[in-house]
Amino acid sequence: MKFLHTAFLLLFVANLVHSQTLDVMPAAGNPVLRSFAAQKTAQDAALVEQMTGHEIPPNQIAGERANDCPPDLEGNFLTSGDSLVIILDTFGLMKDTFPATLTIENESSLLYGTIVFGADELYLAYYSMPGLAGAQTETILFKLSQPGHDTIVPIEIHVRRKSRVVITQSQTVQAESITTFCLSSELDFTKPKNCSRAFNCPDNYDGIGQTIFHLSSYDYPDTCLVYYASRFPGVDTVCMRICDDWGVCDTFKVPYIIPGDTLSIATNPFFDDFSSYKGPYPSRDYWVDKDVYLNYTLAKDPPSVGFVTFDGIDRRGNDYDLVSGVGDRLTSKAIDLSNYNASSDIFLRFFLSPKGYGLEPDITDVMKLEFRNSNREWVTAGTFDGTGNVPLDSVPPFTFYAVKVDDPQFFHKGFQFRFSANTSPGGSVDLWHLDYVHLSKDADGSDDFQDLAFTELPTSILKNYTAMPWNQFKGHVSDETTNLLESNFYNHYTEVLAISASNIKYKELTTNTTVNSPLPVIEGGSDSNIDPKIPTSRSRTIPSGDLSSIVTNLNNIPPGNLRILETEYTIRPSAQLADFAVNDTVRLQTNFSNYFAHDDGTAEWQIFVNHAGGSERLATKFHANVMDSMKAVQIMFPHVNGDVQDQFFNLEIYVGSLDSDPVFVRSLLSPYYPNNRYDTLQGFTTYVLDNELGQKTPVGIPADSVFYVSFQQASATLLGIPIGFDIQNPCNCNYLNLNDDTWSSFSSNLKGSLMIRPVFGTANNTNSAAHEITGTDKFPMNIYPNPTTGFVNFALDNGKYEDFQLAVFNNLGQLVSQGKLTQRLDISSLNNGVYQLRFLNEKTGEVFSERIILAKE
């Protein structure tokens, strides 16, 4: 606990010098990818268990390979054709000091080898015969003779056949499929199998590191291999090494053939603007890797709706483990250019933007474009420098680039191009955004396309929230529904283009209810004319008659725990090429579930208290239309400011006014990152409203009342606990109280939504799975009594008390006691209240915590 004590001292001094401020930074990490990958892992595990009959541990699904094979052997083991020297030991065999004669009794009758006996040097050299097919034991009889005394010592030598390398029959598998291959006739072991492992064989497979494989079980020497194919076509060879009890280790090479199709630009260009599918990965119709992240919010004014972000985070949402180097890549499928040449005017055109709403790439963190030649070598076709320092609130625009394919080495059947982003270090620190990738023949390298594209998703039908419970919406539709709609466009033509036909459609998906009659996206007149080459917005008001009909139809939808309202915008430019129709329709789904939300689930930024003293509050406002019961609160904690899970916060609920006393307070909660497989898709952490004894205490919210959820920083620290901040959905509902009892609204230049969500309804909510640190889920001791009148007893399950440090914190997160753990702790001198006990196992580094209530009589 020395580190903890030092940290508190430094922070205390820091707070004497600095005042508390509210600060923002770009959010790091990617909870959407982590959740998506975790859910996919769970699905894969269930499928593999069904295929193999074994439950696969998560670390195997993640690609971890066993490496404890071949086995360690005791005794004289020898491979056929090799030799072995044995030093003979006569200690304890001699009788008195009589002269001795040393001989080998069966020298002429050996079956599997020959020996050379060095009587003077006391050694035996055994030369096994080559070509042994199985495994045999040769017994050498070593004889020591003295007058009236003979001693024979048998020496066993285990001779085994040579290990083999076996190439199995090729396995043809489809991209992103899971298959199981089991060895059968290839196996030829004389002795029982002892161990097995799987590992990558050296090969020229493009997708090296992208595939996952493991044995179907590591509980015994397994002969079945589970293989998760990547998108990369080619031959991926996986090795299985199986050893028997005598150390015969055969290596089985299993070639997996992943077929791949070759694209053509003869009739249609290669075109992906990332608008026609949800992601979070790019489509396998065009791309062979899954490193980049498809999204709609991390950059500003793209040339069409949707783009991919190179964010230094791998496909599972984890930081790349590198100091500096290539992080994300985006690689095209093979494209047949064999019928073209330099005069075919083939251009690769695209839009690229650094930074967006994240952190800018340094000058040296370049984006590289590469082409693949006929020798399958990657050749640099262009580099794009990072920006260096850019203010956080400055968002560089998307820039158009065109690169001509004119070198003869690129005109072959397997041409590919790829984008590679350097990052230093790994993590969400050097962002690039790519959109509108177009490869075609007979082009001129200009940014002219016969396309009018949506650039953002539709406006939500909700006026005050992005999500809310249906029972709070139904009956109050007119109060909660907006009549102001906004649409955003980019006209890629060279001239003004008029939108002649468009449509807005609302549909409730769970009941399949169409909510409105046809309604145009744009009112008409001059608003229909979209200027070329600039991002353009249009706003319109829903006519009162149409709005009244929408309200009535929504109110007529029957109640339910879940309703999903889809908003669809469609335009039909008459002169547009069919290739570009993919970005003419955009859809937004609004969830009516068991929670209120001002945010869309994506944290572009994170907000926190700088130089926190341990009492600062942030709050967000909501309104209940009908009486309801709040059961839990969800908070989005970005992975920034280091590991903040050793800090504390207090959760407060206010009804009516922030100047009143809170109706609910829960002290000394720990911020932690949820198990995204079981929590919400966006990675929110759920806190059930309960008391210190763990009893659920839902909070009643009266009808037609304002209520607030407050987050109070309870630990004094340099960088406080961060909360996700959605800058795409400003709500004018955020409040702060930094250093006194006065609440104020966020400043006008800090627009966004705190990612805090109150949860209602009848669902049986549970707290998110928490871990103090990686390493254990089991609490190592019994702590009693709780509540206590002054003394706390500790009974260790195992280990020694002197291995643990104990720190005690009050409800403000202040350290009030620390030292070595003993069997009994006296806290009778402290005031009544709730205290956090934090235990550090100094041998293992594990940290545990428990809340104690002090209630002196």
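Considered as a group, the residues in segment 767-795 that are surrounded by 12 or more Cβ atoms within 10 Å (Cβ to Cβ), among the polar types (S, T, N, Q) and part of a loop (DSSP other than H, G, I, E, B) include one that is modelled with the lowest pLDDT, and that residue is Thr776.
When segment 189-208 is filtered for residues that are among the aliphatic types (A, V, I, L, M) and surrounded by fewer than 18 Cβ atoms within 10 Å (Cβ to Cβ), only Ile208 remains. Checked against the criterion of being in contact with a strand residue (DSSP E or B) (Cβ under 8 Å, 6 or more places away or on another chain), of a type in the set (A, V, I, L, M, F, W, C), surrounded by 18 or more Cβ atoms within 10 Å (Cβ to Cβ) and closer than 16 Å to Thr482 by Cβ, the candidates Ile571, Ile557, Ile542 yield just one match: Ile542. Checked against the criteria, Asp531 does not count as more than 42 Å from the chain's Cα centre (by Cα) and among the acidic types (Asp, Glu). Of the candidates Ser526, Ser629, Ser593, Ser615, the single residue that is at pLDDT 95 or above and of a type outside the set (A, V, I, L, M) is Ser629.
Condition test on Phe580, is it open to solvent by less than 20 Å² (accessible area, probe 1.4 Å), assigned to a strand (DSSP E or B) and not hydroxyl-bearing (Ser, Thr, Tyr)? Spelling it out, it is not the case that Phe580 is open to solvent by less than 20 Å² (accessible area, probe 1.4 Å), assigned to a strand (DSSP E or B) and not hydroxyl-bearing (Ser, Thr, Tyr).
May I ask you to list the residues in segment 416-436 that are part of a strand (DSSP E or B), modelled with pLDDT under 95 and either surrounded by fewer than 24 Cβ atoms within 10 Å (Cβ to Cβ) or at positive phi (or both)? Passing the criteria: only Asn422. Selection within segment 23-40: residues that are open to solvent by 40 Å² or more (accessible area, probe 1.4 Å) and over 8 Å from the mean Cα position of the chain (by Cα). The member of this set that is modelled with the highest pLDDT is Asp23.
A residue that is modelled with pLDDT of 90 or more and among the small types (Gly, Ala, Ser) occurs somewhere in segment 117-127.
Could you run through segment 284-337 and say how many residues are of a type in the set (S, T, N, Q), closer than 27 Å to Pro458 by Cβ and either part of a strand (DSSP E or B) or touching a strand residue (DSSP E or B) at 6+ places or on another chain (Cβ under 7 Å) (or both)? It would help to see each step written out before you state the result.
So the first thing to find is which residues in segment 284-337 are of a type in the set (S, T, N, Q), and the list is 295, 297, 304, 309, 318, 324, 331-332.
Narrowing the set further to residues that are closer than 27 Å to Pro458 by Cβ leaves 295, 297, 304, 309.
In the following step, the residues that additionally are either part of a strand (DSSP E or B) or touching a strand residue (DSSP E or B) at 6+ places or on another chain (Cβ under 7 Å) (or both) were identified as 295, 304, 309.
Selection size over segment 284-337: 3.
This table checks each residue for (1) assigned to a strand (DSSP E or B); (2) among the hydroxyl-bearing types (Ser, Thr, Tyr); (3) in contact with a strand residue (DSSP E or B) (Cβ under 9 Å, 6 or more places away or on another chain).
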residue	(1), (2), (3)
Glu176	no, no, yes
Asp188	no, no, yes
Leu225	yes, no, yes
Ile242	yes, no, yes
Gly247	no, no, yes
Phe252	yes, no, yes
Pro255	yes, no, yes
Asp261	no, no, no
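In segment 263-283, of all residues being more than 24 Å from Gly356 (Cβ to Cβ) and in a loop (DSSP other than H, G, I, E, B), the one that is most open to solvent (accessible area, probe 1.4 Å) corresponds to Thr267.
Which of the residues that make up segment 313-352 are open to solvent by 20 Å² or more (accessible area, probe 1.4 Å) and modelled with pLDDT under 90? Residues satisfying the conditions are Asp314, Arg315, Arg316, Asn318, Asp319, Tyr320, Asp321, Leu322, Val323, Ser324.
Residues in segment 51-73 that are modelled with pLDDT of 80 or more and either in contact with a strand residue (DSSP E or B) (Cβ under 6 Å, 6 or more places away or on another chain) or not in a loop (DSSP other than H, G, I, E, B) (or both): Met51, Thr52, Cys69, Pro70, Pro71. Here is the figure for segment 139-157: residues that are within 15 Å of Gly75 (Cα to Cα), touching a Ser or Thr at 6+ places or on another chain (Cβ under 8 Å) and not hydrophobic (A, V, I, L, M, F, W, C) total 2.
One line per residue, one yes/no per condition, for (1) in contact (Cβ under 8 Å) with a residue 24 or more places away in the chain; (2) more than 23 Å from the chain's Cα centre (by Cα); (3) assigned to a loop (DSSP other than H, G, I, E, B); (4) buried (at least 20 other Cβ atoms within 10 Å of the Cβ):
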site	(1), (2), (3), (4)
Ala603	yes, no, yes, yes
Gln606	yes, no, no, yes
Val609	yes, yes, no, yes
His623	yes, yes, no, no
Val626	yes, yes, yes, no
Ser629	yes, yes, no, no
Gln634	yes, no, no, yes
Pro638	yes, no, yes, yes
Gln645	yes, no, no, no
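In segment 685-733, of all residues being farther than 18 Å from Val759 by Cβ, open to solvent by less than 10 Å² (accessible area, probe 1.4 Å) and in contact with a Leu (Cβ under 7 Å, 6 or more places away or on another chain), the one that is modelled with the highest pLDDT corresponds to Phe725.
Screening Val248 with (1) open to solvent by less than 60 Å² (accessible area, probe 1.4 Å); (2) within 23 Å of Tyr286 (Cβ to Cβ) gives one miss only, at (2). Report, by residue number, each residue of segment 355-405 that is open to solvent by less than 30 Å² (accessible area, probe 1.4 Å) and not in a loop (DSSP other than H, G, I, E, B). Met367, Leu369, Glu370, Phe371, Arg372, Gly382, Phe384, Val403, Val405, listed by residue number. Of the residues making up segment 537-560, not a single one is outside any loop (DSSP other than H, G, I, E, B) and within 34 Å of the chain's Cα centre (by Cα). Can you find, within segment 545-554, the residue that is most open to solvent (accessible area, probe 1.4 Å) among those that are within 15 Å of Phe473 (Cβ to Cβ) and free of Cβ contacts under 8 Å to residues at least 60 places away in the same chain? Ranking the candidates gives Thr552 first.
When we screen Gly134, Gly148 for residues that are closer than 30 Å to Tyr218 by Cα and not charged (D, E, K, R), the only hit is Gly134.
Among the residues of segment 81-99, is there at least one that is among the polar types (S, T, N, Q), modelled with pLDDT under 95, surrounded by fewer than 14 Cβ atoms within 10 Å (Cβ to Cβ) and farther than 28 Å from Asn200 by Cα? Yes, there is a match, as at least one residue in segment 81-99 is among the polar types (S, T, N, Q), modelled with pLDDT under 95, surrounded by fewer than 14 Cβ atoms within 10 Å (Cβ to Cβ) and farther than 28 Å from Asn200 by Cα. Only a single criterion out of (1) assigned to a strand (DSSP E or B); (2) open to solvent by 40 Å² or more (accessible area, probe 1.4 Å) is not satisfied by Phe181, namely (2). All conditions in (1) assigned to a strand (DSSP E or B); (2) within 30 Å of Arg316 (Cα to Cα) hold for Asp219, with the sole exception of (1). Is segment 806-820 home to any residue that is modelled with pLDDT of 85 or more, out of contact with any Cys (no Cβ under 8 Å at 6 or more places or on another chain) and open to solvent by 70 Å² or more (accessible area, probe 1.4 Å)? Yes, there is a match, as at least one residue in segment 806-820 is modelled with pLDDT of 85 or more, out of contact with any Cys (no Cβ under 8 Å at 6 or more places or on another chain) and open to solvent by 70 Å² or more (accessible area, probe 1.4 Å). Would you confirm whether or not segment 124-139 contains a residue that is over 30 Å from Lys193 (Cα atoms) and of a type outside the set (D, E, K, R)? Yes - at least one qualifying residue is present in segment 124-139.
The values are calculated or read from the model by the stated rules, or taken from the named source; none is laboratory data. Values in this document were obtained by computation on a predicted structure and should not be read as measured data. Using ideal geometry, Cβ is built from the backbone for each residue, glycine included, and neighbour counts are taken over all protein chains shown. These area figures cover heavy atoms from the full protein model, side chains too; ligands, DNA and RNA do not enter into them. Shrake-Rupley method; radii C 1.70, N 1.55, O 1.52, S 1.80 Å.
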